[in-house]
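Read the figures in this text as sums done on the coordinates, not as results from a lab. What you are looking at is a predicted structure, and each value in this text was computed from that prediction instead of being measured. Cβ sites come from the backbone with ideal geometry, for glycine too, and all protein chains shown count toward neighbours.
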Amino acid sequence: MPIGYIITILIIGVCTFTALIRVTRFGILAFYLTMVINEIPHLAALLLVFSTVLALSEGDLHGLLGSVLLIVAGLEFVGLLELTRRATRARSVVASTAADHGVQISNDAAQSWIRPLVFPVPLRPGAVKRIGRLPYGDHPRQRLDVYRHRNGDLFGPILVYFHGGGYSSGSNRNEGRVLLHRLAVQGWTCISATYRLRPDAGFTDHLDDARAVLRWARDNSEIHGGDVTRIVMAGSSAGAHMTAMTALAPPSSAEAVPRIAAAVCLYPWIGRYFGRGEDESQPSTAPPIFIAHGDHDSWVPVEEARALYDHIRTGSPNTTWYVELPGAQHAFDALFSWRNAAIVAFLEPAAMPMN
């Protein structure tokens, strides 16, 4: 009995089937099962083909059991082709949203198609340097990384990014790396920060940390560069919640917080913060905001992202963009995938207008 082959197609099959359907229960489990295969299904298909060819060459797929396993593998391959189709559709969906606002996104085939196909690992380019673990406060979690082009003469806007993790976990070196690297290559000063976590920290602590990083970016621009009049705040999941709450907060001169020129919310967690009952947002003061979410997100239902979009665009004087990615799960920006590349293409300087 080909135990190794059976285990391989069992794992691929469970992950593929779960990714194909929209899961509304056991969402966290579904996320962990599908996060990787949903973004690189073509590599899973390649592994499936290789494993099948190997099993056939070793004579492991004879008889009734072998025929059943081949049929199962064939169905899985079809499922992986469908996941690949959904992933590659992201480009057209993002381009359509951009066109609706009179914007044309970057058409770099190497970044948009070839790189996700052959090497979806988000390694830092050689042209970008990272200055790590700089403190912006006294707490061990109040640390940030700065990404800049090695050519110090380049000058551009500032990106301040916050990671996800449900406010209770996470690292600033997991998600968002493709965006950080891509903008740094173009001369941006990119800052990726950690922040204090629950249960030791609460709502006001998280927002205080976000504002502290914004002030740090302004106060250290002479050292690390960046145009303090063009600061874009961004985040994933809980970091997107922090971004939205900061961008939608009523203005407060007492905080002396730099003005946000634009905000980016990737698969944002939208719910009221752990029992807080009031709506503390003020869309009338919002900067331009870009929201991207997956319609198969099992951690944060897509309906919540739609609600956030409707809430902001009805009250904001500035443009609000919303992109709903077909088949996308939570954390679609962890790899250099087709979806992530499409989002980054939209967020490049030429396509992300700022006030």
Could you give every pair whose Cβ atoms fall below 6 Å, whose first residue belongs to the range 105-127 and is touching a residue at least 40 places away in the same chain (Cβ under 8 Å), and whose second residue is part of a loop (DSSP other than H, G, I, E, B) and not aliphatic (A, V, I, L, M), counting only separations of at least 6 or pairs across chains? S106/E348; R115/F336; P116/F336; P116/S337; P120/F336; P120/S337; P122/F336; A127/R150
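Okay, residues lined up against (1) out of contact with any Leu (no Cβ under 8 Å at 6 or more places or on another chain); (2) of a type outside the set (V, I, T); (3) without any contact (Cβ under 8 Å) to a residue 24 or more places away in the chain:
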position	(1), (2), (3)
D145	no, yes, no
N172	no, yes, no
Y195	yes, yes, no
D227	yes, yes, no
I231	no, no, no
